[in-house]
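Read through the structure below, which is laid out as structure tokens, and then see the notes.
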Amino acid sequence: MKKIFIVFMVAVFAVSMMLAGTGCGEEAAAEEAAPGAVTVIGTWGGDELTSFQEAVFPFTEDTGIGMAFEGTRDLAAVLTTRVQAGNPPDIAILPNPGQMYELAEDDALVDISEFMDMNELNSNYAEAWLDLASYDDTLYGIFYKVANKSLIWYNPSAFSAGGYEVPADWDELIALSDKIVSDGGTPWAIGFESEAASGWPATDWIEDIMLRTAGPDVYDKWVNHEIPWTEEAVKEAWEVFGEIVLNEDYQYGGTTGTLTTNFGDAAAPLFTDPPGAYMHRQASFVTGFFPEGLEVGKDYDFFPFPSIDPEYGVPVLGGADLIVMLNDTPEAREFMKYLATAEPQEIWAASGGGFISPNKVVSIDAYPDELTKKMAEMVVNAEVFRFDASDLMPAAVGSGSFWTGALDFVGGTDLDTVLSEIEDSALDSY
Amino acid sequence: MNKEKILKKKVDMWPWAYLAPALLILGFFLVYPIINTIYLSLLDAKSEIFVGLSNYIFAFTRKPMLIAFRNNLLWLVFFTLFTVSLGLIFAVIFDRVRYESVVKSIIFLPMAISFVGAGVIWKFVYSYRPAGVAQIGVLNAILSNFKNFEPVGWLVNKGTNNFALIFVGIWIWVGFCMVILSASYKGIPKELIEASRVDGANEMQVFWRIIIPMMKPTIAVVATTMIINVLKVFDIVYVMTNGQFDTEVIANRMYKEMFQFHNFGRASAIAVILLLVIIPMMIVNVRRFRRQERS
């Protein structure tokens, strides 16, 4: 029934496109690949896409195989429609493994271990990356572009002016926060607002803490809902989170400031004089939102989100794009093989933009600046890397009740109510 | 005899022939989707397994849904009350001033702004900055002139946010109500009002005993239109809070279930509930139109 409906909607869309005239004709022609080319679909656009195209360029020169890239913000819907219509692209670049698992379940993906050099992959990727890219013990993709989320940004000049030092663990972090408060400052700049996606920055905090207080095994169980949200381990992570976000003196603008500030603007108080705040926890991409004219190392730098329970050390939380194959053509095989080599990744790394590869063949020296090198080292050397939990949970939880719950918690709703409400939605979403 | 019968039959077919395109389009774009939605609302998230009424049980028992119903009720009462009554007051008062058309144009102007645009504009108006820093939100900036000022997070404070959103809706729609009601007000024979004044009625009496009864049919139409409008409220909430901090409304929840959570069953159930709530209003409206046509 749903399929009929989708086909019907597509038909309506097609007719309306025809009626709309030739406006979209050019675009459609551009997507159509020449023979001997690979069609690629992904969410990349702007600078990201330009860098990717530059990275693919040597491949086209050597082999004559071109790439037709189709960019869309609504990847899930477009890909689902094309797979159901029997017209999938050759290659898809997925923003998280969740969708890969769905596609694998529908038998829409190609087992890449059949033609890739597995010895090479095994030595170039940490086991965790290959596991994440597998479904039912079959390898379906390679991770390509990693975002490191376990970072706390600070202003080194402001730190040295205040006589503050980078904390080595959570207790020192809290001690530092208290010291800043007693000096009359505000330790944290936080922003959880993100329009229709408000709440995701808060979930990143909780995930980072959870990895450090409960460890990766419990974290995985939590992601898969093998333990309930009301479990003590989950509760503890939220309580640690509360140490910072429920303390009005800790946050720039108090809890109301945290709830109303857009994540992109949140770091701004770090760079005012005198500083409005001293620390900001956010992923590697946040430098793109910093005010212009700042100097790396002098005006901004980061330290890893510190260890809480020494047993679990300093894990890395992050996100990563993964490349999968939907059509088994010789061109697509060549394309996948090429992407796994050092060349395209080092081209992209050199172009900047915060590209970090999980692939060990990419030399640390390929990254353009110290900051990116530090982030890349953190990722490659991480003993534990875990994917952003909210991206892996069913949407009704991961981008529904988890966001709402985290915001309500900061807004003052008591923890047990928040957790039991998330648990309610989790119970019928898995 | 026989020929006549055939002719008559032929003639009887004509109305249907004329109606056919409209019926076909309506059936395809209205009746079929409604029936399909009702069918989907009885299936699970992926529309595969029959689940009976459990989607409806979800809609009437879960806390996020109950909050949405409560908020729709808040919208229904305050939005309808203020758009219609303010529209009426403006229509009557501005009829007496020389610069009527200018004032009415200004009040009507927000109608020209899309709801999404209005949401973005008002998000700036309600913007929050910590105390001691320059307020960039107009509302907090005005309040900062008072003593003991504490900036308010209008959209995250659970006591103010629903009303902050409803106000935006009123701001957009009050002009529409005013224009319709004003037209009706101007249609009242002036002799009637003058006669009542000659008979010694004061202004309040004229308003309540002459103007209101004369305008009653129009007020009813405007009110029902506003009610149907408000039950479907979505854009403002989606843009400004996305239903966070207890500002959820039914239509936004439906959107979330459908496009974010991909739960076709629940989204369809919510759509059906919304449809059932709106139908009585539609019936009232259609009946009134019929009566007006007859008279």
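For residue A:239, work out the one condition from (1) more than 10 Å from chain B (Cβ to nearest Cβ); (2) closer than 21 Å to residue A:158 by Cα it doesn't fulfil.
That leaves (2) as the condition not met.
Among the residues of region B:28-61 satisfying the criterion of being among the small types (Gly, Ala, Ser) and surrounded by 12 or more Cβ atoms within 10 Å (Cβ to Cβ), which is nearest to the chain's Cα centre (by Cα)? Reasoning before the result, please.
The initial filter retains those residues of region B:28-61 that are among the small types (Gly, Ala, Ser), namely B:41, B:45, B:47, B:52, B:54, B:59.
Pick out the ones that are also surrounded by 12 or more Cβ atoms within 10 Å (Cβ to Cβ) and you get B:41, B:45, B:47, B:54, B:59.
Values: B:41: 25, B:45: 29, B:47: 31, B:54: 29, B:59: 21 Å.
Top of the filtered list is B:59.
Among what's in region A:177-221 and is within 14 Å of chain B (Cβ to nearest Cβ) and of a type in the set (A, V, I, L, M, F, W, C), pick the residue that is nearest to residue A:249 (Cα to Cα).
Of everything passing the filter in region A:177-221, A:188 is nearest to residue A:249 (Cα to Cα).
With the requirement that a residue be among the small types (Gly, Ala, Ser), surrounded by fewer than 17 Cβ atoms within 10 Å (Cβ to Cβ) and over 27 Å from the mean Cα position of the chain (by Cα), what does region A:150-177 give you? Talk me through it step by step, then tell me what you get.
Let us first name the residues in region A:150-177 that are among the small types (Gly, Ala, Ser), namely A:150, A:157-158, A:160-163, A:168, A:175, A:177.
In the following step, the residues that additionally are surrounded by fewer than 17 Cβ atoms within 10 Å (Cβ to Cβ) were identified as A:160-161, A:163, A:168, A:175.
Those that are among the small types (Gly, Ala, Ser), surrounded by fewer than 17 Cβ atoms within 10 Å (Cβ to Cβ) and over 27 Å from the mean Cα position of the chain (by Cα): A:160, A:161, A:163, A:175.
I'd like the full set of residues that are part of a helix (DSSP H, G or I) and surrounded by fewer than 16 Cβ atoms within 10 Å (Cβ to Cβ), limited to region A:61-76. Break it down stepwise before answering.
Step one: filter region A:61-76 for residues part of a helix (DSSP H, G or I), giving A:61-63, A:75-76.
Matches in region A:61-76: A:61, A:62, A:63.
Cβ-Cβ distance below 7 Å, separation of 6 or more or different chains: which pairs start in region A:242-254 with a residue that is within 12 Å of chain B (Cβ to nearest Cβ) and end on one that is loosely packed, with under 14 Cβ neighbours inside 10 Å and in a helix (DSSP H, G or I)?
Once the first residue is within 12 Å of chain B (Cβ to nearest Cβ) and sits in region A:242-254, its partners that are loosely packed, with under 14 Cβ neighbours inside 10 Å and in a helix (DSSP H, G or I) give A:254/A:248.
Tell me the helices (runs of 4 or more DSSP H) entirely within region A:156-272 that contain at least 1 residues that are under 20 Å from residue A:404 (Cβ atoms).
Correct list: A:200-213, A:215-223, A:232-245, A:254-260.
Would you mind finding the one in A:356, A:323, A:347 that is surrounded by 15 or more Cβ atoms within 10 Å (Cβ to Cβ) and either over 20 Å from the mean Cα position of the chain (by Cα) or part of a helix (DSSP H, G or I) (or both)? Break it down into steps so the answer makes sense when it comes.
Details: A:356 fails: either over 20 Å from the mean Cα position of the chain (by Cα) or part of a helix (DSSP H, G or I) (or both); A:323 fails: either over 20 Å from the mean Cα position of the chain (by Cα) or part of a helix (DSSP H, G or I) (or both).
Of A:356, A:323, A:347, the one residue that is surrounded by 15 or more Cβ atoms within 10 Å (Cβ to Cβ) and either over 20 Å from the mean Cα position of the chain (by Cα) or part of a helix (DSSP H, G or I) (or both) is A:347.
May I ask you to list the residues in region A:376-428 that are in contact (Cβ under 8 Å) with a residue 40 or more places away in the chain, within 12 Å of chain B (Cβ to nearest Cβ), surrounded by fewer than 20 Cβ atoms within 10 Å (Cβ to Cβ) and not in a helix (DSSP H, G or I)?
Correct list: A:412 only.
Which of the residues that make up region B:134-158 are surrounded by 15 or more Cβ atoms within 10 Å (Cβ to Cβ) and either outside any helix (DSSP H, G or I) or away from chain A (no Cβ under 14 Å) (or both)?
Step one: of region B:134-158, the residues surrounded by 15 or more Cβ atoms within 10 Å (Cβ to Cβ) are B:135, B:137, B:139-141, B:144, B:151-157.
Scanning region B:134-158 gives B:135, B:137, B:141, B:144, B:151, B:152, B:153, B:154, B:155, B:156, B:157.
Within the bounds of region A:300-308, is there any residue that is in contact (Cβ under 8 Å) with a residue 40 or more places away in the chain, closer than 24 Å to residue B:129 by Cα and either touching a helix residue (DSSP H, G or I) at 6+ places or on another chain (Cβ under 8 Å) or buried (at least 21 other Cβ atoms within 10 Å of the Cβ) (or both)?
yes
Counting only residues that are within 12 Å of chain A (Cβ to nearest Cβ) and outside any loop (DSSP other than H, G, I, E, B), which one in region B:216-248 is nearest to residue B:122 (Cα to Cα)?
Selected residue: B:240.
Out of curiosity, is residue A:162 farther than 30 Å from residue A:52 by Cα and within 14 Å of another protein chain (Cβ to nearest Cβ)?
On the way: farther than 30 Å from residue A:52 by Cα: yes; within 14 Å of another protein chain (Cβ to nearest Cβ): no.
For residue A:162, the condition - farther than 30 Å from residue A:52 by Cα and within 14 Å of another protein chain (Cβ to nearest Cβ) - is not met.
Tell me, please, whether a residue that is in contact with a Ser or Thr (Cβ under 9 Å, 6 or more places away or on another chain) and farther than 28 Å from residue B:105 by Cα can be found in region B:164-183.
The answer is no, given that none of the residues of region B:164-183 is in contact with a Ser or Thr (Cβ under 9 Å, 6 or more places away or on another chain) and farther than 28 Å from residue B:105 by Cα.
Among the listed residues A:191, A:199, A:185, identify the single one that is farther than 23 Å from residue B:156 by Cβ and surrounded by 14 or more Cβ atoms within 10 Å (Cβ to Cβ). Before you say what the answer is, go through the steps one by one.
Numbers: A:191 fails: farther than 23 Å from residue B:156 by Cβ; A:199 fails: farther than 23 Å from residue B:156 by Cβ.
None of the other options fit; the residue is A:185.
Kindly indicate the residue of region B:1-49 that is charged (D, E, K, R) and over 30 Å from residue A:394 (Cα atoms) and also modelled with the highest pLDDT among those meeting that condition.
Step one: of region B:1-49, the residues charged (D, E, K, R) are B:3-5, B:8-10, B:12, B:44, B:46, B:48.
Pick out the ones that are also over 30 Å from residue A:394 (Cα atoms) and you get B:3-5, B:8-10, B:12.
Working: B:3: 63, B:4: 64, B:5: 65, B:8: 64, B:9: 64, B:10: 65, B:12: 78.
Across region B:1-49, the extreme among qualifying residues is B:12.
Residues B:179, B:198, B:239: which one is modelled with pLDDT of 90 or more and either in contact with a Leu (Cβ under 7 Å, 6 or more places away or on another chain) or closer than 30 Å to residue A:395 by Cα (or both)? Even if it seems obvious, please write down each step before you answer.
Working: B:179 fails: either in contact with a Leu (Cβ under 7 Å, 6 or more places away or on another chain) or closer than 30 Å to residue A:395 by Cα (or both); B:198 fails: either in contact with a Leu (Cβ under 7 Å, 6 or more places away or on another chain) or closer than 30 Å to residue A:395 by Cα (or both).
Exactly one residue qualifies, and that residue is B:239.
Where in region B:36-110 are there helices (runs of 4 or more DSSP H), lying wholly inside it, with at least 1 residues that are within 14 Å of another protein chain (Cβ to nearest Cβ) and in contact with an Asp or Glu (Cβ under 9 Å, 6 or more places away or on another chain)? First the steps, then the outcome.
On the way: elements: B:54-61, B:63-74, B:80-94, B:100-108.
Of the helices (runs of 4 or more DSSP H) lying wholly inside region B:36-110, those with at least 1 residues that are within 14 Å of another protein chain (Cβ to nearest Cβ) and in contact with an Asp or Glu (Cβ under 9 Å, 6 or more places away or on another chain) span B:54-61, B:63-74.
The values are calculated or read from the model by the stated rules, or taken from the named source; none is laboratory data. Note that the structure is a prediction, hence the values are computed from the model and not measured. Don't worry about glycine lacking a Cβ; one is built from the backbone with ideal geometry, like all the others, and counts go over all protein chains shown.
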